[in-house]
Amino acid sequence: MRVVYRGLAVATAVVAVAATLAVVLPSEPDEVAAGPVTAPPAAPSSSGSAPSSPPAAAPTPVAAQQRVTPRPEGSLAPGYTAMEALYADPRVPELTRSVKRMTLRSPGRRFVKDRRSGLAVPRLPRPWKAYGAAPFTTKQVLPKQRGTAPRGIFVTCPLPIMEQKSARDTALLAARWTLNHHPEGSRITWLASQPVKRGWMLVYRVTYGKRSSRAAVVVLDGGMSKPGLAFVTVPDSQRKQWRDIGRVASGVRVLG
């Protein structure tokens, strides 16, 4: 009888081990391999529950990190176009439809040829005189006056700024660029704006403190790799030559 009881005990133990293995092992060996590959679960805490991870912060776009307000200088702030920088510049007001056209005079018979920009511009009468052009391609100046630094200048060159889709926008950027050649703190007031053959013309007042200048830019497509720019400015200390602003505006033409 003792032998019979021992046999029954051994059989019972075998059945119990087999049942335990059936619960622990997967029913099919390929179930684990067929499952998705994921990161290992977090180690359980002492209480037995897994710690919850904080939600990941949304990534900040690089462009938003670099986008800063344009400063009123000639250079661009990162992330801004040339026109956006223009609109943000307090020195240059909006050019509205209220700005009128001006009557253009008949051009004179004497011209200066600028073959680099593809322009022919008026040779202004005395007291204007030709002067060393660099860094421009042609240059005419009025005599210096005692007690004041600004004097009248009239220059041409290939467009020194980026050309825009419209000649009007290009002329606006050119006028903003000319503030580099006026006293610090200068601001623009528009006097005239109109299309000209193959380009655009702007006439404006530049105010700096209690003084001012009259100025004009003409941007024309002279058939070169870049449009040509003609720029003239005359301070109020030489206001007798303000009439030459209109002469320049009406006399610039394409060389040919």
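Of note:
- Which listed residue is open to solvent by 30 Å² or more (accessible area, probe 1.4 Å), among the charged types (D, E, K, R), assigned to a strand (DSSP E or B) and in contact (Cβ under 8 Å) with a residue 40 or more places away in the chain, from Lys139, Lys100, Lys113: Lys113
- Looking only at the stretch 164-185, and only at residues there that are outside any helix (DSSP H, G or I) and of a type in the set (D, E, K, R), the one that is most open to solvent (accessible area, probe 1.4 Å): Lys165
- Residue in the stretch 188-200 that is out of contact with any Gly (no Cβ under 7 Å at 6 or more places or on another chain) and not in a strand (DSSP E or B) present: yes
- Residue within the stretch 158-168 that is modelled with pLDDT of 95 or more, touching a His at 6+ places or on another chain (Cβ under 9 Å), of a type outside the set (A, V, I, L, M) and over 13 Å from Ala249 (Cβ atoms) present: no
- Against the numbered list (1) more than 14 Å from Leu104 (Cβ to Cβ); (2) open to solvent by less than 50 Å² (accessible area, probe 1.4 Å), Ala216 comes up short only at (1).
- Count - residues of the stretch 68-92 that are at pLDDT 90 or above, under 21 Å from Thr207 (Cα atoms) and in a loop (DSSP other than H, G, I, E, B): 5
The values are calculated or read from the model by the stated rules, or taken from the named source; none is laboratory data. These figures come from a predicted structure and were not determined experimentally. A quick note on method: Cβ atoms are made from the backbone with ideal geometry, for glycine too, and the neighbour counts reach across all protein chains shown. Note: accessible area is taken over every heavy atom of the protein model, side chains too, but ligands, DNA and RNA are not part of it. Shrake-Rupley method; radii C 1.70, N 1.55, O 1.52, S 1.80 Å.
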